[in-house]
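S.K.: Can you keep this structure in mind? I'll have questions shortly.
The values are calculated or read from the model by the stated rules, or taken from the named source; none is laboratory data. Everything numeric in this text was worked out from a predicted model, so none of it was measured. Here Cβ is always computed from backbone atoms with ideal geometry, including for glycine, and neighbour counts include all displayed protein chains. Each accessible area value is taken on the protein alone, full model and side chains, heavy atoms only, with ligands, DNA and RNA left out. Shrake-Rupley method; radii C 1.70, N 1.55, O 1.52, S 1.80 Å.
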Amino acid sequence: MRALILLLAFGLAACAQRAPQDDSLYRALGERAGITRIVEGMLLNIAGDARIVRHFQDIDIERLRDKLVEQVCVEAGGPCTYTGDSMEESHKGQQLTPSDFNALVENLQDAMDAEGISVPAQNRLLARLAPMRGEVIDR
Ligand code: HEM
């Protein structure tokens, strides 16, 4: 009995340590289906963007779509796992500039506008992506 109580006590302590997951941004983006539409919209916008489209011409675009959906889902607090390469690894050798980064963000914003995502929710996602800038540009 004592062992059982100890076991329960440890179990509860472990639960309490795990911070409650805030998935409000994930929900604001329309969960997995909405995030998929946003990512696909962004990639379509990029396809028509003469500033950066050359970077995306010889790659596996379906893989990129899938990894981006996973990553946005994780960053938004959703129940996903990112299985792609690190940001540094996947942008190495592309010599991306701050302008390239801004262009991609614009395409993402346009895709979110098209999905009717509120500006505060858009800004929350952009704030989650901003710290990755240094891992992506000048590599
Ligand atoms: C915060 C900004 C960015 C994020 C979060 C991001 C995210 C990602 C992710 C998740 C991948 C897939 C990694 C994998 O395949 O395992 C990827 C690959 C790629 N990214 Fe980005 N990216 C960003 C900025 C950019 C910019 C600015 C460009 C170019 C204008 C770019 C071009 C690419 C290309 C071409 C690939 C494919 C590389 C390959 O398959 O060889 N990314 N990115």
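S.K.: Defining a contact as two alpha carbons under 8 Å apart and six or more residues distant in sequence, what relative contact order in percent does the chain show? Write out the running numbers ahead of the final one.
M.R.: Working: 117 pairs, mean separation 45.0, N = 139.
For the chain, the relative contact order is 32 percent.
S.K.: Quick one: accessible surface of Ile117, probe radius 1.4 Å, all protein chains present, in square angstrom to the nearest 10.
M.R.: Approximately 20 Å² for this residue.
S.K.: What is the distance, in nm, between label points placed 7 Å from the Cα along the Cα-to-Cβ direction at Glu115 and at Ala47?
M.R.: Computed distance between label sites Glu115 and Ala47 equals 1.7 nm.
S.K.: Does the range 77-123 come out rounded, prolate or oblate, given a ≥ b ≥ c as the square roots of the eigenvalues of its C-alpha gyration tensor, rounded meaning a/c under 1.5 and, failing that, prolate meaning a/b above b/c? The partial results should precede the final answer.
M.R.: Numbers: a/c = 3.14, a/b = 1.29, b/c = 2.44.
Taking the square roots of the gyration eigenvalues as a ≥ b ≥ c, the range 77-123 is oblate.
S.K.: Compute the whole-percent fraction of alpha carbon pairs in the range 22-136 spaced more than 21 Å apart. Don't skip to the end; give the middle numbers.
M.R.: Details: 2069 of 6555 pairs.
Every Cα pair in the range 22-136 considered, those over 21 Å come to 32 percent.
S.K.: Out of Val105, Val119, Val74, any idea which swings most in a Gaussian network model of the chain, alpha carbons joined below 10 Å?
M.R.: Val119
S.K.: Solvent-accessible area per residue for the chain at a 1.4 Å probe radius, Å²? Let's see the in-between values first.
M.R.: Numbers: 8830 Å² over 139 residues.
Accessible area per residue: 64 Å².
S.K.: When the accessible area of the range 22-136 is split by element with a 1.4 Å probe, what percent falls to carbon and sulfur?
M.R.: Working: 3170 of 6370 Å².
Carbon plus sulfur share of accessible area: 50 percent.
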